[in-house]
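Worksheet: the structure to be examined is printed underneath.
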Amino acid sequence: MDLRDSKFYSAGHEVNFAVFSDNTCRVRYLESIPLPLGHTMVDVYAIEPAANSQWVVVEVKEEETSRLRFFVRRGITFPEDGRRRLPESVRTQLQQRVPRMKGSRQRFGRLERPD
């Protein structure tokens, strides 16, 4: 799946994802979706990579676990790519810039949605 087609979700007061990239990305609020049970809303976001970005990593938190999703530029697209297929130059940059890949844990903070 391409990064531009991917949606990322946040429910409650905690952000459910963190974004890392070689250049600044834009996280854009799309909409809020009501859950069928209760009065909880889920906020939907899209990630827009910078024009000169070569890679984007999104750490997605699901309950007590998290996983990394890798997106590497191929021409004008950003398809999701498995970690094992990453070019060595990208893998080296990720190890330097993505906290989880360095052995530390990423904290998920709060993201305010526009009113």
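Miscellaneous remarks
- Subset of the range 37-53 (residues that are touching a strand residue (DSSP E or B) at 6+ places or on another chain (Cβ under 8 Å) and of a type in the set (A, V, I, L, M, F, W, C)): Met41, Val42, Val44, Ala46, Ile47, Ala50
- Scanning the range 98-115 for any residue that is of a type in the set (D, E, K, R) and either at pLDDT 80 or above or within 16 Å of Arg4 (Cβ to Cβ) (or both) turns up nothing.
- Test for Leu37: is it within 18 Å of Leu3 (Cα to Cα) and either among the hydrophobic types (A, V, I, L, M, F, W, C) or assigned to a strand (DSSP E or B) (or both): no
- Residue in the range 42-61 that is modelled with pLDDT under 85 and more than 16 Å from Met1 (Cα to Cα) present: no
- Note on the range 45-69: residues that are part of a loop (DSSP other than H, G, I, E, B), among the polar types (S, T, N, Q) and surrounded by fewer than 16 Cβ atoms within 10 Å (Cβ to Cβ) total 1.
- Residues located in the range 5-31, provided they are surrounded by 14 or more Cβ atoms within 10 Å (Cβ to Cβ), within 12 Å of the chain's Cα centre (by Cα) and not in a strand (DSSP E or B): Ser6, Val15, Asn16, Cys25
- For beta carbons closer than 7 Å, sequence separation of 6+ or different chains, a first residue in the range 70-93 that is surrounded by 10 or more Cβ atoms within 10 Å (Cβ to Cβ) and a second that is assigned to a helix (DSSP H, G or I), the qualifying pairs are Phe70/Arg83; Phe71/Leu3; Val72/Val90; Phe78/Leu3; Phe78/Arg4.
- Of the listed requirements (1) out of contact with any Asp or Glu (no Cβ under 9 Å at 6 or more places or on another chain); (2) closer than 25 Å to Gln95 by Cα, Gly38 misses just one: (2).
- For the range 41-64, the tally of residues that are within 14 Å of Ala18 (Cβ to Cβ) and without any contact (Cβ under 8 Å) to a residue 24 or more places away in the chain stands at 0.
The values are calculated or read from the model by the stated rules, or taken from the named source; none is laboratory data. Worth saying up front: this structure is predicted, and the values here are computed from it rather than measured. In this analysis, Cβ positions are derived from the backbone assuming ideal geometry, glycine residues included, and neighbour counts consider all displayed protein chains.
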